[in-house]
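Below: one structure, written as structure tokens.
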Amino acid sequence: MTKRFLTVFLLSLMTVGLTGRAEAARKPDSIAAYFAPRPVGHPQGLDRKFIAFVDKAERTLDGAFYDIDHEPFVDAFVRAADRGVRIRLVIDDGTYYARYRDGSPDTSRLSDLTRTLRESGIQVRMDNGRSALMHNKFAIIDGKHVWTGSFNLTGSYARNWNNALEIGSRSLAKVYSQQFREMYSDGHFDSLSPSTPWEQMGRIGETRFEVLFAPEDRPGERVLEILAGARHSIHFMQFAFTSDAISDLLVEMKEAGVEVSGIVDHTLYRSTGPYGEFAKLTRAGVPTLVKSGTGKYHHKVFLVDAGTENGIVLTGSVNASSSGDRTNNENMIILHSPALARKYLKNFQKDFGETSTVAARCKVKGRAIAGKRLGRANLHLASKGRAAERIRIEMPPRFPSSGPMPSVEIYRDGEVVTEEMELTQDGRDILIRHLGERDSHEGDSELRIELRGLWLGQIPGVYNFYVSVAHDAGEPLLPLRYQPTLNVQALPDEAVD
């Protein structure tokens, strides 16, 4: 524990004791966790849960939301205002203003959202037009209920993977209310905001909480401390994972015997290519699933020792990135709760789901140079006891999407078998069918998929393919437990004019 957080911890003991006695005189505190995606209209859907949260406001509602663009959420705010609730909102300037066709804000016009809210008597302010994001997703009602998590108030709620917490606690509401005042009344959104983590601790019943705000509290420092204290396991669910410090620590913890595994987003994580941590984790043997689907894997969660009596949940709006820690306006809540950690672990296990037993690696002939066309890349897939029926290979999104796709040749156990299979290429994807028709190839075998003329991304670094496999005709495609990676190097100095 650093000197800073040792001081914070000691100073918090008095705070925890005082708030614990004060809250004992009121009705028991509560923590409810919700997870998405769920179908539109599902009784446990985040849309219905958040609207019910707003509907129970009696006097006040203060909220800080990165994005609001879904009419039912706006309607809930308007209904609350109509019944006399004082509503104050802080939103990112990208939502506050209308936009030009290229997506940039038009500061001469308010967005339809802002205009609708203001016409209903709702007070709306934005984050001073900063280049960094006002990335929060929290609200406080009546000084005693808090909503927080990774969930933006947009129509993507039924597609994206997200989590949200609804917490009844006056002490927690006080912490979030102070941060809201700093933004709404004082206009503080950056590191000049006061950092007071020792005032942002307390208890919710038997659960000890810590709240950190970015950028002033630099939550990444505390994340590293908590992860380093893991004794049994670390699980992560992350949308944007670009923190070298965190990934380095996860590799160290795995090498020390701690179980480490995680899930990252399919589109954003792979699109960041060399800036992401996926390749480092995969190459170190950390099981890391790249989650694909119709939406984004939008969680910002770490679980420490979940399933034990020391389980901890870290969640909120903070991605594992430098912008999440140092520039964006964010919030993170740390809950020392075995029961809540088990609930998050159950959701993690469901999301991680089943993976294919196929193992894959990528080998290249010659050097893979950024921005150039690669002569030959070979993807080697070992069946591990079950022949594959279908294989889908998706190219890294930062690789050029226009121009010719690579030519494909398929070898099984050294023999060319391309013509025996149904091979289709669709944009970035290569789909191979009917691999498991011949009984002689059941059991262990190796498939080599040769890609010739593959155009590489412009940025040097390690990229990953996304490979999924189905073993039987009726089975869905399952992602590999470890995805193959390709190291793209910079153009040699001597070749640069």
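The values are calculated or read from the model by the stated rules, or taken from the named source; none is laboratory data. This one's a predicted model, so the numbers in the text were calculated from it and none came from an experiment. Cβ placement follows ideal geometry from the backbone for every residue including glycine, while neighbour counts extend to all protein chains displayed.
For the reader, a short list of remarks on this structure follows.
- Among the residues making up segment 177-219, a single one is part of a strand (DSSP E or B) and either among the acidic types (Asp, Glu) or outside the structural domain of Lys144 (by TED's automatic domain parsing) (or both): Glu210.
- Only one of Ser243, Ser261 that is polar (S, T, N, Q) and either over 27 Å from Leu133 (Cα atoms) or not assigned by TED's automatic domain parsing to the domain that holds Ala32 (or both): Ser261
- The listed residues are Leu314, Leu224, and the only one of them that is in the same structural domain as Glu166 (by TED's automatic domain parsing), touching a strand residue (DSSP E or B) at 6+ places or on another chain (Cβ under 8 Å) and aliphatic (A, V, I, L, M) turns out to be Leu314.
- Cβ pairs under 9 Å, 6+ apart, first in segment 475-487 and among the acidic types (Asp, Glu), second modelled with pLDDT of 85 or more and outside any strand (DSSP E or B): Glu475/Glu389
- The residues on offer are Leu224, Leu303, and the sole one that is free of Cβ contacts under 8 Å to residues at least 40 places away in the same chain, of a type in the set (A, V, I, L, M, F, W, C) and in contact with a helix residue (DSSP H, G or I) (Cβ under 9 Å, 6 or more places away or on another chain) is Leu224.
- Verdict on Gly324 being part of a loop (DSSP other than H, G, I, E, B) and assigned by TED's automatic domain parsing to the domain that holds Phe151: no
- Single unsatisfied condition, Lys350 versus (1) in contact (Cβ under 8 Å) with a residue 12 or more places away in the chain; (2) more than 24 Å from Leu486 (Cα to Cα); (3) surrounded by fewer than 20 Cβ atoms within 10 Å (Cβ to Cβ): (1)
- Criterion violated by Ala230 - all others in (1) free of Cβ contacts under 8 Å to residues at least 60 places away in the same chain; (2) part of a loop (DSSP other than H, G, I, E, B) satisfied: (1)
- Yes/no for His441 being touching a strand residue (DSSP E or B) at 6+ places or on another chain (Cβ under 7 Å), closer than 28 Å to His266 by Cα and modelled with pLDDT under 90: no
- Qualifying strands (runs of 3 or more DSSP E) (wholly inside segment 74-140; at least 2 residues being hydroxyl-bearing (Ser, Thr, Tyr) and free of Cβ contacts under 8 Å to residues at least 40 places away in the same chain): 105-110
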